[in-house]
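Scroll down for the structure; my scribbles are underneath it.
The values are calculated or read from the model by the stated rules, or taken from the named source; none is laboratory data. What you see is a predicted model; the values in this text were computed from it and never measured. Cβ atoms come from the backbone with ideal geometry, glycine included; neighbour counts cover every protein chain shown. The protein model used for the area step is the full one, side chains on, heavy atoms only, and it has no ligands, DNA or RNA in it. Shrake-Rupley method; radii C 1.70, N 1.55, O 1.52, S 1.80 Å.
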Amino acid sequence: FMKKIKTAMEVLANPPKLFKKHIIDGIDYRDIDDIKSRCSMIHAFGLGFIQIKLDYEHRIHLYSSAVKITSGEEDFHNHRYNFESFICQGNLTNEIIEYRVAKPGTHLHSYASCELDKGECVITPAPFTVDIANKSSFSMCAGSSYKLNSEVFHRVAAAENTITLLKRGLKLKSLAAILFPFDKEKECPFSANVHSEDKLWEIYREAINA
(Lines give C-alpha, C1' and ligand atoms only; values in the text may rest on other atoms or scores of the structure.)
Protein backbone atom coordinates (compact mmCIF):
# COMPACT_ATOMS: atom_id res chain seq x y z
CA PHE A 1 0.00 0.00 0.00
CA MET A 2 1.58 3.26 -1.12
CA LYS A 3 0.44 6.53 0.34
CA LYS A 4 -1.35 8.42 -2.44
CA ILE A 5 0.52 11.70 -2.53
CA LYS A 6 2.35 13.65 -5.16
CA THR A 7 5.36 11.45 -5.85
CA ALA A 8 8.95 12.51 -5.42
CA MET A 9 9.40 12.39 -9.18
CA GLU A 10 6.34 14.61 -9.70
CA VAL A 11 7.82 17.11 -7.27
CA LEU A 12 11.12 17.05 -9.13
CA ALA A 13 9.29 17.44 -12.45
CA ASN A 14 8.88 21.08 -11.38
CA PRO A 15 12.53 21.90 -10.64
CA PRO A 16 13.65 24.80 -8.46
CA LYS A 17 13.37 28.10 -10.27
CA LEU A 18 15.58 31.16 -10.03
CA PHE A 19 14.65 34.66 -8.95
CA LYS A 20 16.90 37.67 -9.36
CA LYS A 21 15.89 40.05 -6.59
CA HIS A 22 16.48 40.21 -2.86
CA ILE A 23 13.02 41.72 -2.56
CA ILE A 24 10.11 39.26 -2.61
CA ASP A 25 6.54 40.57 -2.35
CA GLY A 26 7.98 43.89 -1.19
CA ILE A 27 10.03 42.20 1.57
CA ASP A 28 13.81 42.75 1.68
CA TYR A 29 15.28 40.25 4.13
CA ARG A 30 18.39 42.46 4.52
CA ASP A 31 16.41 45.48 5.78
CA ILE A 32 16.32 44.54 9.45
CA ASP A 33 14.45 47.68 10.53
CA ASP A 34 11.64 46.93 8.08
CA ILE A 35 11.63 43.24 9.04
CA LYS A 36 11.34 44.16 12.73
CA SER A 37 8.47 46.55 12.00
CA ARG A 38 6.59 43.78 10.13
CA CYS A 39 7.37 41.06 12.69
CA SER A 40 4.51 39.63 14.76
CA MET A 41 6.66 36.92 16.38
CA ILE A 42 10.29 35.77 16.44
CA HIS A 43 10.98 32.27 17.78
CA ALA A 44 13.83 29.76 17.87
CA PHE A 45 12.94 26.27 16.69
CA GLY A 46 14.93 23.52 18.39
CA LEU A 47 15.67 22.04 14.96
CA GLY A 48 18.18 24.84 14.45
CA PHE A 49 16.43 27.78 12.85
CA ILE A 50 14.91 31.09 13.82
CA GLN A 51 11.46 31.87 12.44
CA ILE A 52 10.35 35.45 11.96
CA LYS A 53 6.60 35.56 11.40
CA LEU A 54 5.75 38.62 9.29
CA ASP A 55 2.07 38.08 8.44
CA TYR A 56 -0.26 35.19 7.62
CA GLU A 57 1.59 34.36 4.39
CA HIS A 58 5.24 35.19 4.99
CA ARG A 59 7.91 33.70 7.27
CA ILE A 60 11.67 34.24 7.29
CA HIS A 61 13.81 31.31 8.42
CA LEU A 62 17.44 31.67 9.47
CA TYR A 63 19.32 28.41 9.96
CA SER A 64 21.80 28.81 12.82
CA SER A 65 23.63 26.34 15.05
CA ALA A 66 23.25 28.90 17.87
CA VAL A 67 19.65 27.79 18.43
CA LYS A 68 19.84 24.05 17.70
CA ILE A 69 19.00 21.96 20.77
CA THR A 70 17.64 18.78 19.17
CA SER A 71 19.98 16.00 18.10
CA GLY A 72 20.59 14.38 14.74
CA GLU A 73 18.81 14.99 11.47
CA GLU A 74 15.41 16.57 11.05
CA ASP A 75 12.56 14.04 10.94
CA PHE A 76 10.53 13.68 7.75
CA HIS A 77 7.31 15.66 8.02
CA ASN A 78 4.57 17.31 6.00
CA HIS A 79 2.83 20.65 6.50
CA ARG A 80 -0.65 22.02 7.13
CA TYR A 81 -0.44 24.17 3.99
CA ASN A 82 1.13 24.37 0.53
CA PHE A 83 4.08 26.74 0.36
CA GLU A 84 6.81 28.27 -1.78
CA SER A 85 10.27 28.82 -0.31
CA PHE A 86 12.83 31.32 -1.63
CA ILE A 87 16.50 30.79 -0.72
CA CYS A 88 17.72 34.33 -0.07
CA GLN A 89 21.26 33.49 1.03
CA GLY A 90 23.25 30.31 1.63
CA ASN A 91 22.17 26.89 0.38
CA LEU A 92 20.08 23.93 1.45
CA THR A 93 19.22 20.39 0.43
CA ASN A 94 15.59 19.26 0.32
CA GLU A 95 14.98 15.51 0.69
CA ILE A 96 11.62 14.19 -0.54
CA ILE A 97 10.21 10.77 0.39
CA GLU A 98 7.15 8.60 0.06
CA TYR A 99 6.14 5.96 2.57
CA ARG A 100 4.20 2.72 2.62
CA VAL A 101 2.28 1.33 5.57
CA ALA A 102 4.20 -1.65 6.96
CA LYS A 103 3.89 -3.94 9.97
CA PRO A 104 6.37 -3.84 11.52
CA GLY A 105 7.70 -0.63 10.00
CA THR A 106 10.83 1.43 10.56
CA HIS A 107 9.01 4.66 11.47
CA LEU A 108 6.05 5.65 13.64
CA HIS A 109 3.56 7.90 11.88
CA SER A 110 2.59 10.66 14.33
CA TYR A 111 0.77 13.99 14.44
CA ALA A 112 2.07 17.13 16.12
CA SER A 113 -0.01 19.81 17.83
CA CYS A 114 2.12 22.72 19.01
CA GLU A 115 1.59 26.12 20.57
CA LEU A 116 4.71 28.18 19.93
CA ASP A 117 3.84 30.99 22.32
CA LYS A 118 3.54 28.46 25.18
CA GLY A 119 6.43 26.25 24.12
CA GLU A 120 4.12 23.24 24.25
CA CYS A 121 3.96 20.31 21.85
CA VAL A 122 1.76 17.21 21.92
CA ILE A 123 2.84 14.22 19.82
CA THR A 124 0.01 11.77 19.00
CA PRO A 125 0.99 8.47 17.35
CA ALA A 126 -1.21 7.21 14.52
CA PRO A 127 -2.37 3.56 14.70
CA PHE A 128 0.09 2.38 12.05
CA THR A 129 3.80 2.19 11.24
CA VAL A 130 5.52 2.84 7.92
CA ASP A 131 8.61 2.17 5.82
CA ILE A 132 10.36 4.93 3.90
CA ALA A 133 10.42 4.55 0.10
CA ASN A 134 11.51 6.45 -3.01
CA LYS A 135 13.95 8.98 -1.59
CA SER A 136 14.91 11.88 -3.84
CA SER A 137 16.73 15.11 -3.11
CA PHE A 138 17.77 18.37 -4.71
CA SER A 139 20.15 21.09 -3.58
CA MET A 140 19.54 24.80 -4.00
CA CYS A 141 21.62 27.93 -3.64
CA ALA A 142 20.72 31.59 -3.15
CA GLY A 143 18.40 32.77 -5.92
CA SER A 144 16.53 29.44 -6.11
CA SER A 145 12.97 28.70 -5.03
CA TYR A 146 10.74 25.63 -4.83
CA LYS A 147 7.11 24.78 -4.12
CA LEU A 148 5.86 21.96 -1.90
CA ASN A 149 2.40 20.42 -1.52
CA SER A 150 1.07 19.99 2.02
CA GLU A 151 0.87 16.19 1.64
CA VAL A 152 4.52 15.74 0.63
CA PHE A 153 6.90 14.48 3.31
CA HIS A 154 10.33 16.10 3.33
CA ARG A 155 13.21 17.38 5.43
CA VAL A 156 15.87 20.00 4.80
CA ALA A 157 19.52 20.41 5.73
CA ALA A 158 20.85 23.96 5.43
CA ALA A 159 24.28 25.52 5.57
CA GLU A 160 25.05 27.83 8.48
CA ASN A 161 23.40 31.27 8.12
CA THR A 162 21.14 30.19 5.25
CA ILE A 163 18.09 32.46 5.06
CA THR A 164 14.83 31.56 3.33
CA LEU A 165 11.56 33.41 2.87
CA LEU A 166 8.56 31.09 2.99
CA LYS A 167 5.24 32.05 1.41
CA ARG A 168 2.47 29.81 2.70
CA GLY A 169 -1.00 29.16 1.41
CA LEU A 170 -4.23 28.65 3.34
CA LYS A 171 -4.22 26.13 6.18
CA LEU A 172 -5.64 22.90 4.75
CA LYS A 173 -5.63 20.70 7.87
CA SER A 174 -5.35 21.07 11.62
CA LEU A 175 -2.29 18.87 12.20
CA ALA A 176 1.01 18.19 10.46
CA ALA A 177 2.45 14.67 10.47
CA ILE A 178 5.95 13.50 11.45
CA LEU A 179 7.66 10.15 10.83
CA PHE A 180 9.76 9.16 13.87
CA PRO A 181 12.38 6.37 13.56
CA PHE A 182 11.79 3.74 16.21
CA ASP A 183 15.39 3.95 17.45
CA LYS A 184 15.29 7.72 18.01
CA GLU A 185 13.93 9.56 21.02
CA LYS A 186 11.01 11.80 20.09
CA GLU A 187 12.08 15.44 20.26
CA CYS A 188 9.69 18.33 19.82
CA PRO A 189 10.81 20.39 16.80
CA PHE A 190 8.97 23.42 18.22
CA SER A 191 10.99 23.60 21.41
CA ALA A 192 10.78 26.72 23.56
CA ASN A 193 13.16 29.59 22.97
CA VAL A 194 16.65 29.22 24.41
CA HIS A 195 17.42 32.91 23.79
CA SER A 196 15.70 36.22 24.38
CA GLU A 197 14.13 38.06 21.46
CA ASP A 198 16.94 40.61 21.58
CA LYS A 199 19.49 37.79 21.22
CA LEU A 200 17.59 36.29 18.29
CA TRP A 201 17.60 39.64 16.50
CA GLU A 202 21.34 39.92 17.19
CA ILE A 203 21.90 36.49 15.62
CA TYR A 204 19.83 37.54 12.59
CA ARG A 205 21.73 40.82 12.18
CA GLU A 206 25.07 39.00 12.31
CA ALA A 207 23.86 36.48 9.71
CA ILE A 208 22.80 39.06 7.12
CA ASN A 209 26.12 40.86 7.60
CA ALA A 210 28.23 37.69 7.42
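If R0 is taken as 35 Å, the Cβ-Cβ distance between K199 and L175 corresponds to a FRET efficiency of 0.70.
Take the Cα of K184, step 7 Å toward its Cβ, do the same at F128, and the gap between the two points is 2.2 nm.
Between M41 and E84, the modelled label-to-label distance comes to 2.5 nm, taking each label 7 Å out from Cα in the direction of the beta carbon. Along the Cα-to-C-beta direction of Y56, a point sits 7 Å from the Cα; which residues of region 23-44 have their amide N less than 16 Å from that point? Within reach of a label on Y56: 40.
Note on surface exposure: R168, R205 rank R205, R168 by accessible area, highest first, 1.4 Å probe. Between S137 and D34, the distance separating the two model label sites (each 7 Å from Cα on the Cα→Cβ line) works out to 3.5 nm. Restricted to Cα atoms, region 18-174 shows a radius of gyration and a Dmax of 16.3, 53 angstrom.
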